[in-house]
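> For reference, the structure I am asking about is given below.
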Amino acid sequence: MDALELLLSRVSMPALTEPGPTPEQYQTMVQAAYRAPDHAHLQPYRFLRVRGDRRYDLGKVILDVMLARDSDLAETQQRRLLQNPLRAPEILLPVLTPKEHPKVPEIEQVLSLGGAVNNILHAAHAMGIGAMWRTGLICYEPALAQGLGLSGDERLYGFIYLGTPVGKNKPVARVKAEDFLSDW
């Protein structure tokens, strides 16, 4: 696939099924992630892979965190929380592992992680893997970070769902440059 075609055709794929990425495809996605801009080459992130039955465990951790916040969650909401990790055969959890550096503030490290995730999404698309990056307030819950075994300074920045796309891609929205670009 042509590089520009790739960039202009990627869309989030919410419906995913087996199979998930192969080890070789993961190797490519990780290599792409680490090509993201990274001031001082700090590599301030890592990824946790969740697959198989561990997806059920993730759903339970998420449900426990949400019940701690609101013990009156409706049964339908509880079932949805348990089922969310089953949307795809595999999930990558992008984790910021901030580093102290005199010239690289944490916000630059967050941006680097965002670039890494974007590169994973594009690499997946190039290989025919469906992907969708989901976030939500649950990501920023300290109890979820603790439940995932993250260290005290690490933070979760979403869920990257990966698998074989089901159905057709959504139409690609086209934008006008003048809607986002102006001269200074």
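The values are calculated or read from the model by the stated rules, or taken from the named source; none is laboratory data. Everything quoted here is computed from the prediction, not taken from an experiment. Don't worry about glycine lacking a Cβ; one is built from the backbone with ideal geometry, like all the others, and counts go over all protein chains shown.
> Condition first: part of a helix (DSSP H, G or I) and β-branched (Val, Ile, Thr). Can you find one or more residues in the range 41-51 that meet it?
Checked the range 41-51: no residue is part of a helix (DSSP H, G or I) and β-branched (Val, Ile, Thr).
> OK, next. Restricting attention to the range 62-74, does a residue exist that is touching a residue at least 24 places away in the same chain (Cβ under 8 Å), surrounded by 12 or more Cβ atoms within 10 Å (Cβ to Cβ) and within 26 Å of Gln109 (Cα to Cα)?
Yes.
> Is the range 153-162 home to any residue that is out of contact with any Asp or Glu (no Cβ under 6 Å at 6 or more places or on another chain), more than 20 Å from Gly114 (Cα to Cα) and of a type outside the set (Asp, Glu)?
So far as the range 153-162 goes, no, none of its residues is out of contact with any Asp or Glu (no Cβ under 6 Å at 6 or more places or on another chain), more than 20 Å from Gly114 (Cα to Cα) and of a type outside the set (Asp, Glu).
> Any residue that is touching an Asp or Glu at 6+ places or on another chain (Cβ under 8 Å) and of a type outside the set (Asp, Glu) - is there at least one of those in the range 128-142?
Taking every residue of the range 128-142 in turn, none turns out to be touching an Asp or Glu at 6+ places or on another chain (Cβ under 8 Å) and of a type outside the set (Asp, Glu).
> On to the next question. When residues of the range 45-60 are filtered for being in contact (Cβ under 8 Å) with a residue 12 or more places away in the chain, of a type outside the set (Lys, Arg) and over 20 Å from Gln78 (Cβ atoms), how many remain?
The qualifying residues number 3.
> Moving on. Condition first: in a loop (DSSP other than H, G, I, E, B) and without any contact (Cβ under 8 Å) to a residue 12 or more places away in the chain. Now tell me which residues in the range 137-150 satisfy that.
Gly149, the sole residue that qualifies.
> Can you report the number of residues in the range 80-108 which are exposed (fewer than 13 other Cβ atoms within 10 Å of the Cβ) and either charged (D, E, K, R) or touching a His at 6+ places or on another chain (Cβ under 7 Å) (or both)?
Of the residues in the range 80-108, 2 are exposed (fewer than 13 other Cβ atoms within 10 Å of the Cβ) and either charged (D, E, K, R) or touching a His at 6+ places or on another chain (Cβ under 7 Å) (or both).
> Still on this structure, please answer the following. Where the second residue is small (Gly, Ala, Ser) and outside any helix (DSSP H, G or I) and the first is closer than 18 Å to Ala131 by Cα and lies in the range 16-44, which pairs have Cβ atoms under 6 Å and are six or more apart or on separate chains?
Listed by first residue and then by second, the contacts come to Leu16/Ala88; Leu16/Gly130; Leu16/Gly163; Thr17/Gly163; Gly20/Gly163.
> Another question about this same structure. State which residue is nearest to Pro21 (Cα to Cα) when the search covers only the range 94-123 and only residues that are more than 12 Å from the chain's Cα centre (by Cα), of a type in the set (A, V, I, L, M) and in a helix (DSSP H, G or I).
Ala123
> Which one of these does Ala36 not meet: (1) assigned to a helix (DSSP H, G or I); (2) among the aliphatic types (A, V, I, L, M); (3) within 30 Å of Val175 (Cα to Cα)?
Checking Ala36 against (1) assigned to a helix (DSSP H, G or I); (2) among the aliphatic types (A, V, I, L, M); (3) within 30 Å of Val175 (Cα to Cα), the one that fails is (1).
> For residues that are in a loop (DSSP other than H, G, I, E, B) and loosely packed, with under 12 Cβ neighbours inside 10 Å, scanning just the range 2-18, find the one that is modelled with the lowest pLDDT.
Taking the candidates together, the pick is Asp2.
Residue-by-condition table, conditions (1) out of contact with any helix residue (DSSP H, G or I) (no Cβ under 7 Å at 6 or more places or on another chain); (2) of a type outside the set (Val, Ile, Thr):
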site	(1), (2)
Gln109	yes, yes
Ile120	no, no
Ala126	no, yes
Gln146	yes, yes
Glu154	no, yes
Ile160	no, no
Thr164	yes, no
Ala177	yes, yes
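> Further, regarding this structure: Please enumerate the residues belonging to the range 155-170 that are in a loop (DSSP other than H, G, I, E, B) and surrounded by 16 or more Cβ atoms within 10 Å (Cβ to Cβ).
Within the range 155-170, Tyr157, Gly158 qualify.
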